[in-house]
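A quick write-up on the structure given underneath.
The values are calculated or read from the model by the stated rules, or taken from the named source; none is laboratory data. Since the model is a prediction, treat every value here as computed from it, not as a measurement. Methodologically, a virtual Cβ is constructed for each residue, glycine included, from the backbone with ideal geometry; neighbour enumeration extends over all protein chains shown.
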Amino acid sequence: MTFPIHRPRRLRRSEALRGFVRETRISTEGLVYPMFACPGTKIRTEVSSMPGIYQQSPDQIVEECREVADLGIPAVILFGLPEKKDETGSEAWDPNAAVQRSIDAIRKAKLNLLVITDVCLCEYTSHGHCGVVQGGEVLNDPSIALLADAALSHARAGADIVAPSDMMDGRVAAIRTKLDANGFQDIAILSYAAKYSSAFYGPFREAAQSTPQFGDRRSYQMDPANAREALREVELDLEEGADIVMVKPALPYLDIIRRVRERFDVPVAAYNVSAEFSMVKAAAQKGWIDEQRIVLEILTAIQRAGASIVLTYHAKDAARWLNHC
Ligand SMILES: [Zn+2]
């Protein structure tokens, strides 16, 4: 029996009805706001390709974190810029570097905010790769020891969750072992489990000053054409001890988010990355799109695909719109 018995439009007649039967209800609860910490004090430099996003010294990071917490956003993820880059990226595990100082400042301010830290070397290395380089190759095993050192220094500074984004094999296990050996068995790992080698990271590289100085990241990040391989990457990270797994980017990879959600019973995160943000901002500035509707539709789509946690530069705007609704 179909029409005229069944009329799906019956449940779309008013906003009250539509809200009543809505399958995906977005709120601020799963949002994470990415921030860029740089050395110094009183520094706040806007990233030209990412309107409203700044490189900030720790004192400024805390001020914006206050605003983030007040908006009801539960978490931030911190990326760091070093004073000086070197071959191994040694500022990544320096207790006095920008990320570590920012965590400490957020803790001292007693903000009701989860602090997640990005764990990688690319912002800190002179060559811009996510691991140790020798003879033009990015070496795996020596890199994971350094990544574990970086994660430990974040835990010591007071991070709640560490998030390795390097895509070296075995890094989750190395970080878990290192954290546990130092009494940080309760610090969770959010792994960038399925991270694709993507052109959508372009504006981020300006923000994090992490463009590789030679070659590209295709020998460690995933080929955008592969979906089954993403499930294998996720499975390996879970076996190594990841607590939350992430798919990155988000919007062009909704099918991957869906497949990960269906296969694994752990929290799934997605990173709505820089170019996804910048494209919306640029089109909105030209008056070509309705920014609010586009952003809320994007965030709904990412959650509908299966990600309950969304890292997004739109977090503050979205929270303002959602809180007013
Ligand atoms: Zn990296």
**Report entry** Qualifying residue in the range 58-69 (condition: buried (at least 18 other Cβ atoms within 10 Å of the Cβ) and either modelled with pLDDT under 95 or not in a helix (DSSP H, G or I) (or both))
**Finding:** no
Requested in this report: Out of 86, 70, report the one residue that is within 16 Å of the ligand (Cβ to nearest atom) and either within 24 Å of residue 145 (Cβ to Cβ) or out of contact with any Gly (no Cβ under 8 Å at 6 or more places or on another chain) (or both).
Outcome: 86
Report task. Evaluate the following for residue 161: is it within 14 Å of the ligand (Cβ to nearest atom) and crowded, with 19+ Cβ neighbours inside 10 Å? Result -> no
Query raised in the report: What residue, among those in the range 233-277 that are in contact with a helix residue (DSSP H, G or I) (Cβ under 8 Å, 6 or more places away or on another chain) and part of a strand (DSSP E or B), is nearest to residue 204 (Cα to Cα)?
Result: 272
Query - Meets criteria (surrounded by fewer than 17 Cβ atoms within 10 Å (Cβ to Cβ) and over 14 Å from the mean Cα position of the chain (by Cα)) for residue 283 - result: yes
Query raised in the report: If we keep just the residues of the range 5-63 that are touching a residue at least 12 places away in the same chain (Cβ under 8 Å) and in contact with a Cys (Cβ under 8 Å, 6 or more places away or on another chain), which is nearest to residue 318 (Cα to Cα)?
Result: 35
Query raised in the report: Among the residues of the range 28-47, is there at least one that is modelled with pLDDT of 95 or more, closer than 30 Å to residue 145 by Cα and of a type in the set (Val, Ile, Thr)?
Result: yes
Query raised in the report: Within the range 215-234, how many residues turn out to be of a type outside the set (Gly, Ala, Ser) and more than 15 Å from the ligand (Cβ to nearest atom)?
Result: 9
Requested in this report: Return the residue satisfying two criteria in turn: it lies in the range 182-212 and is within 13 Å of the ligand (Cβ to nearest atom) and assigned to a loop (DSSP other than H, G, I, E, B), and of such residues it is surrounded by the most Cβ atoms within 10 Å (Cβ to Cβ).
Outcome: 208
Requested in this report: Could you grab me the full set of residues in the range 213-223 that are surrounded by 13 or more Cβ atoms within 10 Å (Cβ to Cβ) and on the phi < 0 side of the Ramachandran plot?
Outcome: 217, 219, 220, 221, 222
Report summary line: Restricting the range 302-323 to residues that are aliphatic (A, V, I, L, M) and over 15 Å from the mean Cα position of the chain (by Cα), the one modelled with the lowest pLDDT turns out to be 322
**Report entry** Unmet requirement for residue 45, which otherwise passes all of (1) crowded, with 18+ Cβ neighbours inside 10 Å; (2) in contact with a Phe, Trp or Tyr (Cβ under 7 Å, 6 or more places away or on another chain); (3) part of a strand (DSSP E or B)
**Finding:** (1)
Query raised in the report: Checking residue 79 against (1) under 20 Å from the mean Cα position of the chain (by Cα); (2) more than 13 Å from the ligand (Cβ to nearest atom), which test does it fail?
Result: (2)
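Residue by residue, here is whether (1) among the small types (Gly, Ala, Ser); (2) under 24 Å from residue 79 (Cβ atoms) holds:
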| site | (1), (2) |
| --- | --- |
| 267 | no, yes |
| 270 | yes, yes |
| 287 | yes, no |
| 303 | no, yes |
| 311 | no, yes |
| 318 | yes, yes |
Requested in this report: Hey, could you check the range 110-144 for residues that are more than 16 Å from the ligand (Cβ to nearest atom) and surrounded by 15 or more Cβ atoms within 10 Å (Cβ to Cβ) and say which is farthest from residue 217 (Cα to Cα)?
Outcome: 111
Query raised in the report: Taking interchain pairs and intrachain pairs at least six residues apart, which have beta carbon atoms under 8 angstrom, with the first residue in the range 202-225 and touching a residue at least 40 places away in the same chain (Cβ under 8 Å) and within 20 Å of residue 272 (Cβ to Cβ) and the second more than 10 Å from the ligand (Cβ to nearest atom) and of a type in the set (Asp, Glu)?
Result: 222/229; 222/233
Query raised in the report: Pick from 260, 273, 234, 245: which is within 16 Å of residue 312 (Cβ to Cβ) and surrounded by 15 or more Cβ atoms within 10 Å (Cβ to Cβ)?
Result: 273
Requested in this report: Could you list, in sequence order, all residues of the range 2-28 that are part of a loop (DSSP other than H, G, I, E, B) and closer than 18 Å to residue 301 by Cα?
Outcome: 21, 22, 23, 24, 25, 26, 27
